[in-house]
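FYI, it's all coordinate maths here, none of it is from the lab. As the structure is a prediction and not an experimental result, all values here were calculated from the model. With ideal geometry, Cβ positions are generated from the backbone for all residues, glycine too; neighbour counts draw on all protein chains shown.
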Amino acid sequence: MIRLSNLCLVCLAVAGASLQARAATVAIEPVRDGTLYESATGDLANGAGDYLFSGTTAGVELRRAVFAFDVADALPAGSTVTSVTLTLQMSKTIAGDTPSTLHRLTADWGEGASDAPGFEGSGTTAEADDATWVHRFYDTSQWTTPGGDFAAVASATQTVGGALGPYDWGSTTAMVADVQGWLDAPASNFGWILLGDESTSGTAKQFISRENADTAKRPLLTIEYSAGAEPDADFNADGQVDGADFLAWQQGFGIAAGALPSQGDADGNGAVDAADLAAWQGQYGVVTPPVAVVPEPSAAALATLAALAMLSRRRSLRV
């Protein structure tokens, strides 16, 4: 019976640990995308078009696709990103296998209302705020380097063949780092740029954009993450979120770094601010045993088994 008790306690500990692991997956579309069409004047764009392009045309003109995702809106603050995959639907090409590299953009850019006709491979006249070969925002802000400002080292590489359909980039360590950085510092989120084979002509690939009517084929970023701990507004750890906890927050309000939970830091970021007050407001009136974990059914069964085993052990020891 003692062995059974120990085994049950181990099972209970594992169950408790699994309850605190809040893994989740989210899939999001871009909030903006477009194509940079090589042009000395930077007056070509396709901000609202149905397609994106990367690679080199038969006329030896470069195309580069750009897209950005609102990671901070999709994931809880404090989450840890564990896997990232970008899926693009390739819809037209005259080339076979070509490498396509994904690079993190280092400057902000826009998406205007330009909408190229036909297959959209040549672009159309740029409109206000469009990203072009020369401009980040047409025609007021320019890239430091024509063709886009981006990290030299690729975050991911994929061989895109002649077969139409979906292609995935990732997950890679660099892509995970990119998305984690965008979550932690949203102001640094400028998205990625996709470069095709630019060493020879006729390598261009056409991809479905976020504006395309075929919603199932739009660009998709799939993120796996582990959410951070829920904010805890029971600052005095008495098992109840009440007025005493508000007073603790009030006294600690304004601490910018190094704050303790007892000083009103609900989210564990070291600062006592409005976010901690919001956590208190959301949890006001909650009564729970201090440091308690509410088990799911499977964990509850293990807990019951462990409790019965412990009780049996105590009885056997008394005898």
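I want to make sure I understand the PRE zone here: with the label point 7 angstrom from the Cα of residue 151 toward its beta carbon, which residues in segment 159-180 have backbone N atoms less than 12 Å away?
Zone members listed by number: 172-180.
For a quick check: with amide H placed at 1.01 Å from N, whose amide H comes under 5 Å from residue 136's, ignoring anything fewer than 5 positions away on the same chain?
Residues meeting the amide H criterion: 141, 142, 143.
Give the long-range amide H neighbours of residue 150: residues separated by 5 or more places, or on another chain, with amide H under 5 Å away, using H modelled in the peptide plane at 1.01 Å from N.
For residue 150, whose amide H was placed from the backbone, the distant partners under 5 Å are 106.
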